[in-house]
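Trainee: Pasting in a structure now, in structure tokens, and then I'll have a few things to ask.
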């Protein structure tokens, strides 16, 4: 018998090395208690959360929680069924209505996760003989949507309109094409050049899908995303998003003005062949989405916090992936795996939780400590995070004030 | 008709800067098992090759192109269209 897990021995050994060096495994955190959107108990220690994508702090919103409690009372714990069979309750319909109102679009389809929304939409939209054209730094769910589908997948250089246009130009003019872009690219926290790329993609005869997972609630006049802020709403065919970030629960969706959008409910396998979200989850999402339509105060605080942390880390000499705070994600570029893991573990000991990201999830072989801000972080918490970063860097002897070179890899 | 030998030589030039392990590269050299390229490296390599010959090599076709020889054959075929 071939041991099917032995193909992962190199990775198993790598984890073992970190463990032997006394470094806590960054990928096995358990939060024993969660106090608020910004605080939890980890390893028995009060910890400030700076890596949860809980941008608007809706997880503990009293109205949102009450909507969930009411839905449990009225509809029970779960639907035990697919959206197309017994899994669509009044709560699901109301959640899709909230999305239509939030985005001012005619159609909305809720999937069970954001990952499944990308899988389900991309794999169903473009099929054999057609093309999906995606950014090199696309999220795994976009790549996986392409793998699941049967269309040819073409990848262009990250955020490069020129490279995208060149590659689109090589494709047969008459073939169906779907260009997939993101509002915020989550690994480095940079924003998409949608203003240039969306019209260029349309010009080349493609339909355009924009994933606004990391932008909902705080870009554009209505918080719809980077596509709204950059003024290309009229050119975008499909917007995909998630409930697991700004909305504060779990789920995914696609909104569109396309009159034929609803047919995806029958042909999208990740929509059809899975159970729908529990009624409490969609009831909470609907309430949260409607509150996010009027959340100017939270938006302002989120940007203030982001500027404060970005500016502070930059001042301390950390190497940040974006020169200015483009999104609520601040990615600190680290030199190598061991320093990254030590720094991450030291921050945790100091009561700060951030994300550690490593290849292949990261572009160009980079090791990152990724922070994501919340509207509910207090100035004191931001100050504590900054102090901990400086302290941790000193403890792990991370040189500051100069560019830490990412590990050399393919250009 | 493009010259397969010339394409092979040019592909070796694309591989050289990525070949950090200094593996000796020939027709049968495998990208993953011999050169130890990860998927990102392979995708970047392919982007350069697409531009060189103005061809389209979709990501979904890459699993079939395990060796330098197979990639050379695919590029030769596409470049002759």
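Trainee: Other chains' Cβ within 10 Å of B:31-38 residues: what's the mean?
Mentor: Other-chain Cβ atoms within 10 Å of each residue's Cβ, averaged: 1.
Trainee: May I pose another question? Taking all pairs of different Cα atoms in the stretch A:331-374, averaging 1/r and flipping that mean, what Kirkwood radius in angstroms comes out?
Mentor: 10.5
Trainee: Suppose a student asked you for the relative contact order of the stretch A:73-148, using Cα pairs under 8 Å spaced at least 6 residues apart; what percent would you report?
Mentor: It rounds to 21 percent for the stretch A:73-148.
Trainee: Here is a further query. Any idea how far the Cα center of the stretch A:169-184 sits from the one of the stretch A:339-360, in Å?
Mentor: First find each Cα centre; the distance between them is then 37 Å.
Trainee: Taking square-rooted eigenvalues a ≥ b ≥ c of the alpha carbon gyration tensor, is the stretch A:113-157 rounded, prolate or oblate, where a/c under 1.5 means rounded and, failing that, a/b exceeding b/c means prolate?
Mentor: The shape class here is oblate.
Trainee: Quote the relative contact order of chain B in percent (integer), defining contacts as alpha-carbon pairs under 8 Å separated by 6+ residues.
Mentor: For chain B, the relative contact order is 45 percent.
Trainee: Separate question: Enter the angle in degrees (range 0 to 90, nearest 10) between the Cα long axis of helix B:68-79 and the first principal axis of the Cα atoms of chain B, meaning the one along which they spread out most.
Mentor: Relative to chain B, helix B:68-79 is tipped by roughly 20 degrees.
Trainee: Averaged over B:54-65, how many beta carbons belonging to a partner chain fall within 10 Å of each residue's beta carbon?
Mentor: Per residue, the average neighbour count from other chains is 4.
Trainee: Next up: What ranking do A:354, B:23 get, fewest neighbouring Cβ atoms within 10 angstrom at the top?
Mentor: With the sparsest Cβ surroundings first, the list reads B:23, A:354.
Trainee: Is the stretch A:93-134 rounded, prolate or oblate when judged by the Cα gyration tensor, a ≥ b ≥ c being the square roots of its eigenvalues, rounded requiring a/c under 1.5 and prolate requiring a/b larger than b/c?
Mentor: prolate
Trainee: Simple spin-label model, 7 Å along Cα-to-Cβ: residue B:39 to residue A:104 in nm?
Mentor: Computed distance between label sites residue B:39 and residue A:104 equals 3.9 nm.
Trainee: Among B:16, B:32, B:61, whose mean-square fluctuation peaks in a Gaussian network model of chain B (Cα, cutoff 10 Å)?
Mentor: Greatest mean-square fluctuation among the candidates belongs to B:61.
Trainee: Let me ask another. Could you estimate the translational diffusion coefficient of the protein assembly as shown from the Stokes-Einstein equation, with Rh from the Kirkwood formula over C-alpha pairs, at 10 °C and 1.306 mPa s, in whole µm²/s?
Mentor: 66
Trainee: Round to the nearest 0.05 the FRET efficiency obtained for residue A:6 and residue B:6 when R0 = 45 Å and r is the Cβ-Cβ distance.
Mentor: The computed FRET efficiency comes out at 0.60.
Trainee: I've got another one for you. What fraction, in whole percent, of alpha-carbon pairs in the stretch A:24-107 exceed 17 Å separation?
Mentor: Cα-Cα pairs of the stretch A:24-107 separated by over 17 Å account for 66 percent.
Trainee: Run the helix sum for chain A: -39,500 (n - 2.57) per DSSP H stretch of 4+ residues, divided by residue count, reported at 222 nm to the nearest 500 deg cm²/dmol.
Mentor: Per the formula, -11500 deg cm²/dmol.
Trainee: Set the Förster distance to 22 Å, then compute FRET efficiency between residue A:160 and residue A:323 from the Cβ-Cβ distance, nearest 0.05.
Mentor: 0.75
Trainee: I'd like the distance separating the alpha-carbon centroids of the stretch A:87-153 and the stretch A:189-213, in whole Å.
Mentor: 16
Trainee: Which shape class, rounded, prolate or oblate, goes with the stretch A:181-298 when its Cα gyration tensor gives a ≥ b ≥ c as root eigenvalues, a/c under 1.5 marks rounded, and past that a/b bigger than b/c marks prolate?
Mentor: oblate
Trainee: Would you mind checking the radius of gyration and Dmax of the stretch A:257-351 based on alpha-carbon positions, in Å?
Mentor: Radius of gyration, then largest Cα-Cα span, for the stretch A:257-351: 20.7, 53 Å.
Trainee: Let me ask another. If you rank A:246, A:112, A:288, B:80 by fewest surrounding Cβ atoms within 10 Å, what's the result?
Mentor: B:80, A:112, A:288, A:246
Trainee: Going by C-beta contacts inside 10 Å, put A:245, B:81 in order with the fewest on the left.
Mentor: Ascending Cβ contact count within 10 Å gives the list B:81, A:245.
Trainee: Can you give the mean number of other chain Cβ atoms that lie within 10 Å of the Cβ atoms in peptide A:129-137?
Mentor: The mean count of partner-chain Cβ atoms within 10 Å per residue comes to 1.
Trainee: Same structure again: Per the Kirkwood formula on distinct C-alpha pairs, the Rh of the stretch A:139-220 is how many angstrom?
Mentor: For the stretch A:139-220, the Kirkwood estimate is 13.5 Å.
Trainee: Would you mind pulling out the separation of the Cα centroids of the stretch A:375-399 and the stretch A:268-316, in Å?
Mentor: 24
Trainee: How many nm is it between the label spots at residue A:77 and residue A:315, if each spot is 7 Å from the Cα in line with the beta carbon?
Mentor: About 5.0 nm, to one decimal.
Trainee: Could you check the simple spin-label distance between residue A:70 and residue A:147, using points 7 Å along Cα→Cβ, in nm with one decimal?
Mentor: 4.2
Trainee: Here is a follow-up. How long, wide and thick is chain B, going by the Cα atoms along their three principal axes, in whole angstroms, largest first?
Mentor: Principal extents (Cα only, largest first): 34, 25, 19 Å.
Trainee: Same structure again: Among A:199, A:278, A:259, whose mean-square fluctuation peaks in a Gaussian network model of chain A (Cα, cutoff 10 Å)?
Mentor: A:259
Trainee: Angle between the Cα long axis of helix B:39-53 and the longest principal axis of chain B, 0 to 90 degrees, nearest 10?
Mentor: Approximately 30 degrees, to the nearest ten.
Each value in this text was obtained by applying a stated rule to the coordinates, not by laboratory testing. From a predicted model like this one, the values you see are computed outputs, not experimental measurements. As a convention, Cβ positions derive from the backbone with ideal geometry for all residues, glycine included, and neighbour counts pool all protein chains shown.
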